[in-house]
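Here's the structure we're looking at; comments come further down.
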Amino acid sequence: MTIVRDNKYGETIVMINKPERKSERKTGKRSSNITKMPDTRLKVRIVIVLGIINVFLIVSYFILSYYTVKNVQVDGNKHYSADEIKAMIMTGYFGDNSLYLSLKYKNKDIEGVPFVETMDVVVQSNDTIRIIVYEKALAGYVKYLGRCMYFDNEGVIVEASKVTTKGIPQVTGLKFDHVMLHEKLPVENEQIFQNILTITKLLNKYNVPCDKIQFDNNYNVTLGYNRVRVNIGPLENLDEKLMKLPEILRWLEGEEGTLDLQNYTVDRKNITFRRKK
């Protein structure tokens, strides 16, 4: 709307009024030009986010509690205790969770552990796992430069350690000028390894593991059991000699000296024991 007026000085003033909007005429106020998100939409989004977080927390709690390992069975270990094996396997923040362990070790062997060929982890239930240890086949060890050099049935050095392993005998009387890890022990007569294998197999068969296997220049054998030395002599009739040995050692418990089985056979039971003075 246009209004024309004359003021007292004779000047003409033209005034133009902007038409009012319907909403302004009704309320008497000017509406804001800023568009705001409805409060209900924001509340819905917050509820959805909180719901997702709650579901995540519930699922996480269920997985952590339901799949917590409570029972561990360790088989095949000799060099390491069950607690040491568990410490190797159950590592990390979720190391006691069977679901995590089943995914971590699925179709995967654990390697790189001294004296161990591989280890398998079998999840038997939500709270029970079984660790199967496959140790390296060790026939014996020789001392070299202050270390125990363990060799397998073929005479290959597989481990070097400052620690002796119970059930693995020290082998003395072998002549060599150097030792290399993962290489065969350089002895003159390689048949000696087959002889050691034969001895250790029979010792395990009759459950009489010894501390030491000693060879003389003629490859006659002497076994060491704490304070008792057992003179086996040549490997003839070895099965009969070692089969009788457990019974004899029970008689000699607490004694110190040398047991002579060189001439022992099933038909000729010639056994002598010489006490140490």
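Here Glu188 clears all of (1) in a helix (DSSP H, G or I); (2) closer than 24 Å to Asn153 by Cα except the condition numbered (1). Checking the stated criteria, Tyr141 turns out to be touching a strand residue (DSSP E or B) at 6+ places or on another chain (Cβ under 8 Å), among the aromatic types (Phe, Trp, Tyr) and at pLDDT 85 or above. Considering (1) in a loop (DSSP other than H, G, I, E, B); (2) open to solvent by 90 Å² or more (accessible area, probe 1.4 Å); (3) not polar (S, T, N, Q), the lone condition that Arg250 does not fulfil carries the number (1). Determine whether region 209-221 contains at least one residue that is part of a strand (DSSP E or B), open to solvent by less than 90 Å² (accessible area, probe 1.4 Å), in contact with a helix residue (DSSP H, G or I) (Cβ under 8 Å, 6 or more places away or on another chain) and in contact (Cβ under 8 Å) with a residue 60 or more places away in the chain. Yes; the residues of region 209-221 include at least one that is part of a strand (DSSP E or B), open to solvent by less than 90 Å² (accessible area, probe 1.4 Å), in contact with a helix residue (DSSP H, G or I) (Cβ under 8 Å, 6 or more places away or on another chain) and in contact (Cβ under 8 Å) with a residue 60 or more places away in the chain. The set of residues in region 131-157 that are open to solvent by less than 20 Å² (accessible area, probe 1.4 Å), of a type in the set (A, V, I, L, M, F, W, C) and within 26 Å of the chain's Cα centre (by Cα) comprises Ile131, Val133, Ala139, Cys148, Met149, Phe151, Ile157.
Conditions (1) modelled with pLDDT under 90; (2) in contact with a strand residue (DSSP E or B) (Cβ under 7 Å, 6 or more places away or on another chain); (3) not hydrophobic (A, V, I, L, M, F, W, C), marked per residue:
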residue: Thr172; (1), (2), (3): no, yes, yes
residue: Glu188; (1), (2), (3): yes, no, yes
residue: Leu197; (1), (2), (3): yes, yes, no
residue: Thr200; (1), (2), (3): yes, yes, yes
residue: Pro209; (1), (2), (3): yes, no, yes
residue: Lys212; (1), (2), (3): no, yes, yes
residue: Asn217; (1), (2), (3): yes, no, yes
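Comparison of Asp127, Asp96, Asp120 shows that the only residue that is under 29 Å from Leu181 (Cα atoms) and among the acidic types (Asp, Glu) is Asp120.
The values are calculated or read from the model by the stated rules, or taken from the named source; none is laboratory data. Not measured: the values here are computed from a predicted model. Here Cβ is always computed from backbone atoms with ideal geometry, including for glycine, and neighbour counts include all displayed protein chains. What goes into the accessible areas is simple: the full protein's heavy atoms, side chains included, and nothing from ligands, DNA or RNA. Shrake-Rupley method; radii C 1.70, N 1.55, O 1.52, S 1.80 Å.
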